[in-house]
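**Q** What follows is a single structure, and I will ask about it in a moment.
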Amino acid sequence: MRGFDFDEALVALQNELHCFAYKLTADKDEAEDLLQETMLKALDNKDKFNPGTNFKSWMYTIIRNAFINNCRAKKIRGNLYVLSEPESHFLLRDGSFIFVDNGHDAKEIREALKTLPKAYYVVFMLYVSGVKYREIAAKIGVPLGTIKSRIFYSRKRLKQLLSDFA
């Protein structure tokens with residue numbers, strides 16, 4: 001009787017894991033990325049698998065945990081949409097619009113940002129970089145409501161100035 005062959009079992013489970021990844025993500029490309037990440041993690045942790053245990057269950061745990069970690073990361077950093085080639089780009093993130101564009105457009109975005117009052121600019125740039133409202137308030141020493149108000153005003157002002165982009 002032959003012993004357990006990790007690589008053979010991994011390849012045999014690949015199609016089933018791909019279907020499960022698709023159920024989790026509901027997107028073909030994301031499912032393929034998740035499957036690839038799962039396979040890599042499994043190979044990296046090959047020595048941690050005990051041959052007497054359930055391999056399929058071990059793999060499903062890896063793919064589920066990878067999916068959950070990816071969801072958490074997306075929630076923290078938000079979604080970024082690329083609108084042009086990334087040769088020269090500028091990122092601006094908020095719940096309703098995101099820019100990544102070439103040098104000429106980035107210059108217009110920077111100019112629009114410079115029109116914000118300094119206190120608003122600082123708060124907005126911290127927000128854009130992913131800092132939470134409460135952390136901004138603590139860092140600057142301003143009430144939470146003021147932070148929210150400044151971000152709202154900044155977004156509204158930038159939408160007006162950059163209406164041809166949105």
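The numbers here are math on the coordinates, done by the rules we state, and not lab data. Since the model is a prediction, treat every value here as computed from it, not as a measurement. Note that we place each Cβ from the backbone using ideal geometry, even for glycine, and neighbour counts take in every protein chain shown.
**Q** Quick one: Karplus J couplings for the stretch 21-37, per residue in order, coefficients 6.51, -1.76, 1.60, θ = phi - 60°, nearest Hz, x for Gly and Pro?
**A** Whole-Hz 3J(HN,Hα) from phi for the stretch 21-37: 4, 5, 5, 6, 9, 6, 8, 4, 5, 5, 5, 5, 5, 5, 4, 4, 4.
**Q** Still on this model: By count of other Cβ within 10 Å, fewest leading, how are Phe124, Phe4, Phe49 ordered?
**A** Phe4, Phe49, Phe124
**Q** Taking R0 as 22 Å, what's the FRET efficiency between Asn69 and Phe152 from their Cβ-Cβ distance, rounded to 0.05? Walk me through the numbers before you get to the answer.
**A** Working: r = 31 Å, r/R0 = 1.43.
That pair, Asn69 with Phe152, gives E of 0.10.
**Q** Considering Cα pairs under 8 angstrom that are at least six residues apart, work out the relative contact order of the stretch 6-77 and quote it in whole percent.
**A** Contact order relative to length: 31 percent.
**Q** Could you check the simple spin-label distance between Glu111 and Lys56, using points 7 Å along Cα→Cβ, in nm with one decimal?
**A** So the label points at Glu111 and Lys56 sit 6.3 nm apart.
**Q** If we restrict to alpha carbons, what Rg and Dmax does the stretch 6-77 come to, in Å?
**A** 12.2, 40
**Q** The stretch 109-166: D in µm²/s via Stokes-Einstein (Kirkwood Rh, Cα pairs, 4 °C, 1.567 mPa s)?
**A** 113 µm²/s
**Q** Among the lysines, which have Cα under 20 Å from the Cα of Lys148 when same-chain residues fewer than 8 positions away are ignored?
**A** Partners within reach: Lys75, Lys114, Lys118, Lys132, Lys139, Lys156, Lys159.
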